[in-house]
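The values are calculated or read from the model by the stated rules, or taken from the named source; none is laboratory data. These numbers were taken from a predicted model, which means no experiment stands behind them. Backbone-built Cβ (ideal geometry, glycine too); neighbour counts: all protein chains shown.
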Amino acid sequence: MLDFAYNSTSPRRDAPELKPARALLTPTWIVALALLVANDHWLKGSGILPDLLTGKLSDFAGMLVAPALLASLLRVRSRRALLVCHLAVGAVFAGIQLAPGFAAQWSALMGLVGFPWVITCDPTDLIALPFLLLSWAVLVPEMDASKPALLPIQRTAVASLSVFGLWATVATSQDDGFGFDPNDEWYVDIEGNLFINNANDFTIALHVRPLRTDMPINCAEIARDPGRLLTQAAFATAEHWSLPARTTVGIELGSGQCGAVWVAGEGIAPMILFADPSVYRWSSFPGQVFEAEIDGLGDQAGLGLVFGDSGATWIGNPELRFAPKTEAPELPAGCGAPSGESRLDWQTKIPSRAVELLTVTSGIDGCHELEIQELTVTNNEVQVVSDPYSFYLCVPDDVAPFVAGERLSFFQVNNNETGQRELRVNLLDNESLAIATTQAGAPVRVIRYLRGGNQPKIVAAASGRELVAIPAVACPWEVESDCASVERSAQLAIQGEADFLEPGVPVSWTDVPETGTAFTMMVSYVRQRALVDLSCSDGARLLDYDIDLVIIEEPAL
């Protein structure tokens, strides 16, 4: 008979590897749970911390709290089962943030067990997933089953923390105040400038896209036709809502003079809600509206969605709703682009030294290739610097009076706030490379190319002439292709003169008594703007106008 010795230090095969309940007594887990509760019930909306931070704190804390809590409730004992708990928490969390359909099903499932959730799908919340790794690294070592057994008082504490943790994670999922109030059967009130009610007996998926905040906007003009003038490009990334039956969601319009959101969803055709936040002030609204109260949606700020055989129908204040339009209006005569219109442009890299113009080649695209050679003065002699290269300038022929052999300097001024750029080209003295001047000290020739000015006054300092802009009010606003910018035709005139300045046609005047200088000016491009999409629009970055023009200053004959 073989005799086996028993080693008391060796673990038994059926001994549990882990005891997840131990993690619930660690400072890390308790602090995470406290942060979860404090953030959801006190910090959010308090102004103590930025909204961006409070919107993520619960996710970070939840990734620490949930896996250990789930493992404790399921009484898992192996690392493999604990890993499955972590992966399950991550998978459900990711599914809610990425898939509105999954979020709706999850909300319905929780509703069956008495905890209906109103869920916001926000892919940016996925930055919390690495906290699952932190949970594994910090809390799993605390679950070692070889440690002394829990005392009765500790087991009582674990049970209490489990119940409290389960309530806290459920309450967390009811984000942004759309929670289920455990004290009664109602959804708590919500806040916003407007509200949308799900006037159905089932959960609906709603996608809400707020108006982008990086676009200067003329609210009075956009309000004339928001459905046509606000395209999808004018709106930010969608917030996805899974909205249970009869519940409401608050709509924020922002703090500007006007606000808008783009609303769509499963079976819900896109609709633009547009209003003035100073009229529809931030208010509190019922968290749910029952069928008997549907008529109450006639309230100024109330809107609702009712599903029928053909999809969703909007109810409530019609003055807030604007169906998106895709058709562009026919332009009346005189509203199209003038034949002489063109934008000024030049390459980004500007010569930093004086240059000699070797050749000028004009292309059919309106651009001129200037082959230039950089120069410097050494010991009172002009010296060549490096090899010749090309500089491209896109301007009308009448304002490109360059001749091979001329020596020039280039100087550029950019205004990043307004978007205005100015390129100044001076004719130089061939020997000294200083700015060429007349005997009276006036420059022989200065050309100023101004692009993207937002006000007519940009030329006053350059020429001593005041310009006035006249909007073409009879012309409809146009939405820029593949961009959210809204603009229409406009005209410029010199103050005191009756005739408009025609794009592409130079005009001249002489101020002999003052400076003995002759000016030539050409307006190249002018538009009035009601919305500027800074992400893609060219030219001026501010309202009200987008103007390109050229001023040439020379001695009077």
### Task
Might you check whether a residue that is part of a loop (DSSP other than H, G, I, E, B) and at negative phi occurs anywhere in the range 514-526?
yes
### Query
Could we say that Ile294 is modelled with pLDDT of 90 or more and either exposed (fewer than 14 other Cβ atoms within 10 Å of the Cβ) or on the phi < 0 side of the Ramachandran plot (or both) here?
no
### Which numbered condition Ala434 fails, given (1) assigned by TED's automatic domain parsing to the domain that holds Pro506; (2) at pLDDT below 95
(2)
### Task
Provide a single number: the residues in the range 253-285 that are out of contact with any strand residue (DSSP E or B) (no Cβ under 6 Å at 6 or more places or on another chain) and among the acidic types (Asp, Glu).
1
### Message
Looking only at the range 316-334, how many residues end up being in contact with a strand residue (DSSP E or B) (Cβ under 6 Å, 6 or more places away or on another chain) and at pLDDT below 90?
### Response
1
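Taking the range 183-194 only, how many residues are in a loop (DSSP other than H, G, I, E, B) and in contact (Cβ under 8 Å) with a residue 40 or more places away in the chain?
So the first thing to find is which residues in the range 183-194 are in a loop (DSSP other than H, G, I, E, B), and the list is 183-186, 188-189, 193.
Then drop every residue that is not in contact (Cβ under 8 Å) with a residue 40 or more places away in the chain, which leaves 186, 188-189, 193.
So the count comes out to 4.
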### Query
Going by the structure shown, is Gln300 of a type outside the set (A, V, I, L, M), farther than 30 Å from Ser489 by Cβ and in a strand (DSSP E or B)?
no
### Task
Find all pairs meeting these conditions: Cβ atoms under 6 angstrom apart; at least six residues apart or on different chains; first residue within the range 358-375 and under 16 Å from Ser409 (Cβ atoms); second residue of a type in the set (Lys, Arg).
Glu374/Arg353
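Conditions tested, residue by residue: (1) modelled with pLDDT under 90; (2) crowded, with 20+ Cβ neighbours inside 10 Å; (3) touching a strand residue (DSSP E or B) at 6+ places or on another chain (Cβ under 9 Å).
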| position | (1), (2), (3) |
| --- | --- |
| Arg421 | no, yes, yes |
| Val444 | no, no, yes |
| Gln455 | yes, no, yes |
| Arg465 | yes, no, yes |
| Ala469 | no, no, yes |
| Pro476 | no, no, yes |
